[in-house]
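Encoded as structure tokens, the structure appears first; notes follow it.
The values are calculated or read from the model by the stated rules, or taken from the named source; none is laboratory data. The shown structure was predicted, so the numbers you read here are calculated from the model rather than taken from an experiment. With ideal geometry, Cβ positions are generated from the backbone for all residues, glycine too; neighbour counts draw on all protein chains shown. The accessibility values were calculated without ligands, DNA or RNA, using every heavy atom of the protein model including side chains. Shrake-Rupley method; radii C 1.70, N 1.55, O 1.52, S 1.80 Å.
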Amino acid sequence: IQCMLQDVNSNIATPLSSAREAHLKRTSFSEKPVLELEQWIDSYTEQLPPLRAFILPSGGKSSAALHFSRAVCRRAERRVVPLVQAGEADPNVAKYLNRLSDFLFVLARYAAMKEGEEETIYVRPQT
């Protein structure tokens, strides 16, 4: 994931409209990492109980760190979307960040389960 994030950074730092062709080739971002993340998500999700409610960031230290990472990833995704819409970054970069945040959510649930920690379910306040 760290290596892929470096590739994400390279793609973002190389505007599609103004970079030289040689740079564009070196910083292109394929769909393969997105598909790999989807496989990982499916693999870990199969090991978890079905999600029947909204989970709040919780589940112990490891899970909380993964939930925090997910929030940072979502923020990065929101920043990249306008670049993709403007044609300056590859759409697969935004897809990767989206799937990465989903993967981090699944990993947070998995960590909580493996560590025997309880996840906090969102309960709507009664008014």
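Quick notes on this structure:
- Residue within region 43-63 that is closer than 19 Å to Val80 by Cα and either in contact (Cβ under 8 Å) with a residue 12 or more places away in the chain or of a type in the set (Phe, Trp, Tyr) (or both) present: no
Let's see how each residue does on (1) closer than 28 Å to Pro49 by Cα; (2) in contact with a helix residue (DSSP H, G or I) (Cβ under 7 Å, 6 or more places away or on another chain):
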site: Glu88; (1), (2): no, no
site: Leu107; (1), (2): yes, yes
site: Glu115; (1), (2): yes, yes
site: Glu119; (1), (2): yes, yes
site: Pro125; (1), (2): yes, no
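- Selection within region 64-91 - among the polar types (S, T, N, Q) and either surrounded by 15 or more Cβ atoms within 10 Å (Cβ to Cβ) or touching a residue at least 60 places away in the same chain (Cβ under 8 Å) (or both): Ser69
- Among residues of region 14-35, those that are closer than 27 Å to Phe105 by Cβ and exposed (fewer than 15 other Cβ atoms within 10 Å of the Cβ), counted: 4
- Residue in region 95-110 that is in contact (Cβ under 8 Å) with a residue 12 or more places away in the chain, open to solvent by 30 Å² or more (accessible area, probe 1.4 Å), among the aliphatic types (A, V, I, L, M) and farther than 18 Å from Gln6 by Cβ present: yes
- Residues of region 42-57 that are in contact with an Asp or Glu (Cβ under 8 Å, 6 or more places away or on another chain) and under 18 Å from Phe103 (Cβ atoms): Ile55 alone.
- Here the condition is being over 13 Å from the mean Cα position of the chain (by Cα), of a type in the set (Val, Ile, Thr), surrounded by 11 or more Cβ atoms within 10 Å (Cβ to Cβ) and within 30 Å of Arg124 (Cα to Cα); of Ile55, Ile41, it holds for Ile55 alone.
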